[in-house]
Amino acid sequence: MAPFIRIMHLPHKTSESAARFWLREIEELKKELENITREKVTDEKLRNSIRVYNKTRRLVGALYELRKRPNPPLTGAELLALTCTAAVMPKEEYNNRLEELLPYLENRQPRHKQVKPRILVSGDFLDDVRYLKLIEEAGCMVVMDDLDTGSRYLWGTVDESLYNPEYAVAKYYLNRPGTNPHMFEWDKQAKEFMEWVAEYQIDGVVELPVMYSFPREFMSPYLGMKMEEGRIPFISLKHEYGLSNTGQFSTRIGAFLEMIKEK
């Protein structure tokens, strides 16, 4: 049995009362961690951790800015590899490595020739870069993502000016952008999604819901409807967590890209 288990109850709305509820959940987690580690989690330690993580988010934000270029210097698969690395590498080391890498990427000459159509990929639990490689190998460029392993993990920063660092963390995690299927404010999320479509000059959206992700399955028709209203080509392709059925996947992606090119 695991030595420590804590079930946290995440609110499904973004409001002040929801933030206060989530703050209490964080405070309870903090108490239990202090009991099991026998070490005090002070405000000073929390503020320092927030500063480190905010630096990570700003550095990754610079990578997303590079994707706005007509010919981005890194592919969608490469960026997903970098954001997934951020989830497992100590943040101080990750920040140092990424600071060293950024000047190279800013001046890197793209090796890829296919930059149109420009695709946004949306989904959850996607940490296998081979899915994005298959999409890009079909003849496009993934220039933006709406993934919990990508933009939704590292978008924006925690407000360092708030008096209570725990409250700042609670507010941040409830108000991050993107189409989080666990939240019930789909209209607000769709609006943010469409802003990304305009900002990154997206030609089409590929949704990749993992099998049996019921919150995503409930939200997916709404997202498709909003894309249709915005006249944005949209396709939803369910997939296994592990890479499988690559032939069928590539065929459907290829047909979708041909449809976009013929518009």
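Looking at Tyr94, is it touching a helix residue (DSSP H, G or I) at 6+ places or on another chain (Cβ under 6 Å), farther than 24 Å from Val206 by Cβ and at pLDDT 95 or above? Break it down into steps so the answer makes sense when it comes.
Working: touching a helix residue (DSSP H, G or I) at 6+ places or on another chain (Cβ under 6 Å): yes; farther than 24 Å from Val206 by Cβ: yes; at pLDDT 95 or above: yes.
Yes, satisfied.
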Item checked: Residues of region 85-118 classified as surrounded by 11 or more Cβ atoms within 10 Å (Cβ to Cβ) and part of a loop (DSSP other than H, G, I, E, B), total -> 8
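Let me confirm something: among Tyr104, Tyr64, which residue is touching a residue at least 60 places away in the same chain (Cβ under 8 Å), over 28 Å from Gln248 (Cβ atoms) and not small (Gly, Ala, Ser)? Break it down stepwise before answering.
On the way: Tyr104 fails: touching a residue at least 60 places away in the same chain (Cβ under 8 Å).
The unique qualifying residue is Tyr64.
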Check: Restricting to region 134-145, what's the tally of residues that are surrounded by fewer than 19 Cβ atoms within 10 Å (Cβ to Cβ) and either small (Gly, Ala, Ser) or part of a loop (DSSP other than H, G, I, E, B) (or both)?
Finding: 1
Item checked: Filtered residues of region 57-116 (kept if within 25 Å of Tyr173 (Cβ to Cβ) and among the acidic types (Asp, Glu)) -> Glu65, Glu92, Glu93
Checklist line | Considering residues of region 1-26 that are touching a helix residue (DSSP H, G or I) at 6+ places or on another chain (Cβ under 9 Å) and polar (S, T, N, Q) only, the residue surrounded by the fewest Cβ atoms within 10 Å (Cβ to Cβ) | finding: Ser15
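Considering only region 17-36, I want to know if a residue exists there that is farther than 26 Å from Met183 by Cα and either among the aliphatic types (A, V, I, L, M) or in contact (Cβ under 8 Å) with a residue 40 or more places away in the chain (or both).
First, the residues of region 17-36 that are farther than 26 Å from Met183 by Cα: 31-36.
Narrowing the set further to residues that are either among the aliphatic types (A, V, I, L, M) or in contact (Cβ under 8 Å) with a residue 40 or more places away in the chain (or both) leaves 33, 36.
Taking every residue of region 17-36 in turn, at least one turns out to be farther than 26 Å from Met183 by Cα and either among the aliphatic types (A, V, I, L, M) or in contact (Cβ under 8 Å) with a residue 40 or more places away in the chain (or both).
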Check: Filter region 220-245 for residues that are touching a helix residue (DSSP H, G or I) at 6+ places or on another chain (Cβ under 6 Å) and in a helix (DSSP H, G or I); which is surrounded by the fewest Cβ atoms within 10 Å (Cβ to Cβ)?
Finding: Tyr222
Notebook entry, point to check: Given the conditions (1) at pLDDT below 95; (2) of a type in the set (Val, Ile, Thr); (3) in a helix (DSSP H, G or I), which single one is not true for Val60?
Noted result: (1)
Checklist line | Checking Thr14 against (1) part of a helix (DSSP H, G or I); (2) within 29 Å of Glu185 (Cβ to Cβ), the condition it does not meet | finding: (1)
Margin query: Give all pairs with beta carbons closer than 8 Å in which a residue from region 175-193 that is surrounded by fewer than 18 Cβ atoms within 10 Å (Cβ to Cβ) meets a residue that is of a type in the set (Asp, Glu); count only pairs at least 6 apart in sequence or on separate chains.
Written below: Pro177/Glu192
Notebook entry, point to check: Does region 67-87 contain any residue that is out of contact with any Leu (no Cβ under 7 Å at 6 or more places or on another chain), in contact (Cβ under 8 Å) with a residue 60 or more places away in the chain and more than 28 Å from Lys116 (Cβ to Cβ)?
Noted result: yes
Check: Hey, Pro110 hits all of (1) at pLDDT 95 or above; (2) touching a Pro at 6+ places or on another chain (Cβ under 8 Å) but one; which does it fall short on?
Finding: (1)
Checklist line | Per-region count, region 197-237, residues touching a Ser or Thr at 6+ places or on another chain (Cβ under 8 Å) and closer than 26 Å to Asn71 by Cα | finding: 5
Next item on the list: Go over the candidates Tyr131, Tyr153 one by one and state the one that is hydroxyl-bearing (Ser, Thr, Tyr), closer than 24 Å to Phe21 by Cβ, modelled with pLDDT of 90 or more and surrounded by 16 or more Cβ atoms within 10 Å (Cβ to Cβ).
Entry: Tyr153
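Which one of Leu80, Leu29 is in a helix (DSSP H, G or I) and in contact with a helix residue (DSSP H, G or I) (Cβ under 6 Å, 6 or more places away or on another chain)? Full working, then the answer.
Details: Leu29 fails: in contact with a helix residue (DSSP H, G or I) (Cβ under 6 Å, 6 or more places away or on another chain).
One residue alone meets the criteria, Leu80.
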Check: How many residues are farther than 21 Å from Leu63 by Cα and in contact with a Gly (Cβ under 8 Å, 6 or more places away or on another chain) when one looks only at region 188-216?
Finding: 6
Notebook entry, point to check: Is one or more of the residues making up region 39-54 within 19 Å of the chain's Cα centre (by Cα) and either in a loop (DSSP other than H, G, I, E, B) or basic (Lys, Arg) (or both)?
Noted result: no
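The values are calculated or read from the model by the stated rules, or taken from the named source; none is laboratory data. Only a predicted model underlies this, so the values are computations on that prediction, with no experimental measurement involved. Don't worry about glycine lacking a Cβ; one is built from the backbone with ideal geometry, like all the others, and counts go over all protein chains shown.
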